[in-house]
Every structure is written in C-alpha cells, then in structure tokens.
Amino acid sequence: SRRVVDANPQAQRLIGASLDELRRRDVATIFDTPVSLAAGKHDQPAESRPAQLIRGDDERRDVEFSIVDLDPGTGRVHAMLLQDISHRREAERRAQEHQLSLQHLATHDALTGLPNRTFLNEELPRLIEEAARRGDSLSILYIDCDNFKNINDSRGHSIGDDYLRSVARRLRD
C-alpha cells in the first residue's frame with residue numbers, strides 16, 4: 001500500500017481532505033478508477049496521465065498527475081504532482097457542444113429544425129451507400145407547400161412561420 005506522508009495545502013483543497021485524513025488513506029483510493037502509480041525514471045516525473053479523483057465530498061474532479069521517484073535506490077519515496085484540469089475539460093466540452101450546435105445550424109432549418117438541403121447533399125450519398133450495403137431500401141419525401149407565398153402575403157410572415165412549424169411538427173410526429 002502507498003500511504004500519503006505529506007500534502008501541501010493546495011493538494012488538500014483539491015482532494016478535499018485534511019492532511020490527517022490523507023495520511024490514513026492509500027494513494028489509490030484518491031482516484032475514481034484504478035490508475036498506474038508507476039514513477040518516472042532517473043529523477044524525472046512519469047508522463048502526465050489523466051485521471052478523475054474523488055474529493056472528500058464525493059465530487060469528481062478531472063486531474064492530470066505524474067509521479068517522480070524521490071529515492072531512486074529503493075523506490076520507496078515518491079512525489080505525486082497533481083494538476084486540476086476540470087476547467088479545461090469543461091471548456092473542451094463547451095467547445096464541442098458549440099461545434100455541434102454550429103453543425104446543426106448549418107444543416108437544419110432555423111425555423112422548423114428540419115434537415116435542410118445542405119444536410120441532404122452531405123448525408124444522402126452516405127445513407128444510400130449504407131442502405132445498399134445492408135440491402136435496405138431508402139425513401140425520400142419531398143413536400144411542396146402550394147401557394148405558401150399567398151399565406152405570407154395575405155396573413156403575414158408570423159402566420160406563415162406558424163404554418164411551417166405546424167407542418168414540421170406533423171412530419172416529425
């Protein structure tokens with residue numbers, strides 16, 4: 001078992017436990033899943049590895065950690081370097097959501113949320129190939145709302161928008 005001997009105040013805050021509490025725990029119990037606690041060679045830290053630690057309040061935190069062997073002759077004393085990367089992970093998650101949102105806006109109609117011509121041009125070849133590979137058939141429904149311009153001109157654009165949303169809702173249902 002690997003016991004904590006010392007932890008600076010920042011590590012205690014990050015882990016959410018006092019030094020006394022940490023001294024009673026095995027280092028492996030700090031993490032959410034089993035992690036390799038192998039140290040680097042020749043007084044150099046091992047490559048940083050991602051992990052998720054379990055704070056004292058059961059909150060999970062994304063971290064990167066590395067371990068350096070402080071007593072290379074015996075391998076009995078190690079230092080663990082922890083870096084909280086929760087904010088970076090959250091920023092990456094938001095950036096990915098933003099990218100997916102932009103992709104959706106580019107391939108779907110803003111008013112109805114239905115796939116648009118760009119989506120059709122990008123996805124149809126793949127869908128045809130996939131259906132052919134599986135031996136399935138593929139159908140495409142084309143709907144033209146006759147005299148739609150008259151609705152906009154006589155009743156106003158908001159009524160026309162409501163009409164299009166109603167058609168889209170019926171298509172989805």
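The values are calculated or read from the model by the stated rules, or taken from the named source; none is laboratory data. Just so it is clear, the model here is predicted, and its values are computed rather than measured. Ideal geometry is used to build each Cβ from the backbone, glycine not excepted, and the neighbour counts take in all protein chains shown. Quick note on the areas: whole protein, heavy atoms, side chains included, nothing else; ligands and nucleic acids left out. Shrake-Rupley method; radii C 1.70, N 1.55, O 1.52, S 1.80 Å.
Pairs are defined by a Cβ separation below 8 Å, a sequence spacing of at least 6 or placement on different chains, a first member in region 54-65 that is closer than 18 Å to Leu81 by Cβ and without any contact (Cβ under 8 Å) to a residue 24 or more places away in the chain, and a second member that is open to solvent by less than 40 Å² (accessible area, probe 1.4 Å) and not acidic (Asp, Glu); the pairs so defined are Glu64/Ala51; Glu64/Ile85.
Exactly one residue out of Ser158, Ser154, Ser137 is in contact with a helix residue (DSSP H, G or I) (Cβ under 8 Å, 6 or more places away or on another chain), among the polar types (S, T, N, Q) and exposed (fewer than 11 other Cβ atoms within 10 Å of the Cβ), and it is Ser137.
The requirement of being charged (D, E, K, R) and in a helix (DSSP H, G or I) is fulfilled nowhere in region 62-74; no residue meets it.
Condition check ((1) hydrophobic (A, V, I, L, M, F, W, C); (2) modelled with pLDDT under 80; (3) within 23 Å of the chain's Cα centre (by Cα)) across all residues:
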| site | (1), (2), (3) |
| --- | --- |
| Thr29 | no, no, no |
| Val35 | yes, yes, yes |
| Pro45 | no, yes, no |
| Arg49 | no, no, yes |
| Glu59 | no, no, yes |
| Pro72 | no, yes, no |
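For region 60-101, the tally of residues that are closer than 21 Å to Pro34 by Cβ and open to solvent by less than 90 Å² (accessible area, probe 1.4 Å) stands at 19. Taking region 140-151 as the range and being farther than 30 Å from Arg126 by Cα and open to solvent by less than 100 Å² (accessible area, probe 1.4 Å) as the test, the residues that pass are Phe148, Asn150, Ile151.
Among the candidates Asn116, Asn121, the residue that is at pLDDT below 95, of a type in the set (S, T, N, Q) and open to solvent by 80 Å² or more (accessible area, probe 1.4 Å) is uniquely Asn121.
Scanning region 16-27 for residues that are closer than 20 Å to Leu70 by Cβ and within 32 Å of the chain's Cα centre (by Cα), we see that the one that is least open to solvent (accessible area, probe 1.4 Å) is Leu22.
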